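Notes follow the structure.
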Amino acid sequence: MFRADDPSLTPYAGLAISGELLRGLRLVELIDAELAAVDRVAPVKRRRRGLTAGELVVALAECQLAGGDCFDDIEDLRADRPGAPLRAVAATPSAPTARQLAYRFKPGHIRAIERAQARVGEELDRRLGRDPGAEVTLDLDATETVVHGGRKQGTGRALTGELRGGNQARIKASQSLRMLGRAERLLADGHGQITVRGDSGFYAAELMMGLRRRRMRFTLSATRTSTMWAKLREIPDDAWVDAIDMRGAQVAELPFTPEGWQHEPLRLVVRRVPVTAAELLAGSPKARRRKTIPPEQLQMVLDGQLDSTFAYSFIVSDIPAVEKTAVEVEHFHRQRAQIEERFKDAKLGQALRHLPSGKLAANRLWLCCALLALNVCAWVCDISPAAAASGAAEEDAPLRRHAKTLRRLLFCIPGRIVRSARRLIVRLPDGLPHFELFNATYHAALALPGP
């Protein structure tokens, strides 16, 4: 027999962790302050009663932390009245209210929310004693998300994102530079040297020239053109050295001046990885790996004249050789895969599997809240080694559990809310396997040093 009549039971007791953290960092207040400073566009809300715009944003992010993937799912959080005092936003809006308010958010409002997030991240770093002058890496990339039969493109911590039509084959250099300019303005004062990483979809002399004007360094994957294959033939056989942490891979470099580049020659760093004929023949004829092999070599392998060959990747960089060797540049650029992990986390862990509305404004807000939820997961891992200790592929890569794992271990834990002696007590299930992790993470949020 089943009965739904327990007024003290919450399915989301773990939102006490994010609630404590976000209240301590004053996220709602900072979002409202940034939104109030926006001019040239009408405010999201004119009346002071009810939910503020900042509370709406954080409520949507909390909904996504709990597993919501559309506006209607906020009703599940709204129905959780016992857990309301635990959350950063107790008065969760209804789905129609959230949807109608979301239609009012303009790009200027989204930029204001990003500024507030950046201020929170900066404040958290300060409280954790991190060096504000540390070097900065900005990863530039795009992903595709389904929305009502179409596609739109969106974008460590997420700083800024943008929606573009899926029919746009390539992101223009001018668009990338505007995005990077926004990201730079969101960084803490006194930050160190900025280095931009990007895949071959962003490789363009216009982008590189723009980065040079902004004094940003770069490593960009170069498209495999006839020019690149010709440069490859200039590399002596004895120039190859072993790559870092990639078995069988080797690296070499030579100077390179792309068409349209108006400064000193750049560094062309080339990586090669051995590929056997059996591996190639076992794969699809349309496999991406075949495009990484020089055409004449590929044909010889397919014809049975060679048992193996090499697959090549090209990286163009202006990082000075005195700071990083070619092997170190290649290793640094390879870590760009971290942004692919963030995309995967945003889609499989948060709510970017699809965009939930036919209205562009609502989808912009949804993307912004998904990135906020992603950042909340990062902040939780920042304050709690117990929450972050999932291991990392690279020694210097940030430790972070995926959002789905954090949801299972922390956020979506049932609890009974008990009030005693003016105290609120959350009683978790007996024998909860991850109680020590839960307890350590909550107390890390509670004990976060004040401003």
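The values are calculated or read from the model by the stated rules, or taken from the named source; none is laboratory data. Quantities reported herein were computed from a predicted structural model and do not represent experimental measurements. All Cβ positions, even for glycine, are placed from backbone atoms using ideal geometry, and neighbour counts span all protein chains on display.
Scanning segment 14-54 for residues that are among the small types (Gly, Ala, Ser) and at pLDDT 90 or above returns GLY14, ALA16, SER18, GLY19, GLY24, ALA33, ALA36, ALA37, ALA53, GLY54. In this structure, does LEU280 turn out to be hydrophobic (A, V, I, L, M, F, W, C) and within 18 Å of LYS231 (Cβ to Cβ)? For LEU280, the condition - hydrophobic (A, V, I, L, M, F, W, C) and within 18 Å of LYS231 (Cβ to Cβ) - is not met. Among the residues of segment 204-243, the one identified as of a type outside the set (Asp, Glu), farther than 26 Å from ASP139 by Cβ and touching a Leu at 6+ places or on another chain (Cβ under 7 Å) is ILE235. Taken as a whole, the structure places GLY67 among residues that are modelled with pLDDT under 95 and under 26 Å from the mean Cα position of the chain (by Cα).
Consider segment 128-150 and keep the residues that are surrounded by fewer than 16 Cβ atoms within 10 Å (Cβ to Cβ) and not small (Gly, Ala, Ser). The one that is modelled with the lowest pLDDT is HIS148. Quick one: would you say ALA204 is within 30 Å of ASP307 (Cα to Cα), under 24 Å from the mean Cα position of the chain (by Cα) and surrounded by 14 or more Cβ atoms within 10 Å (Cβ to Cβ)? No.
Of everything in segment 354-370, what is buried (at least 24 other Cβ atoms within 10 Å of the Cβ) and outside any helix (DSSP H, G or I)? Give them in sequence order. Passing the criteria: only LEU355.
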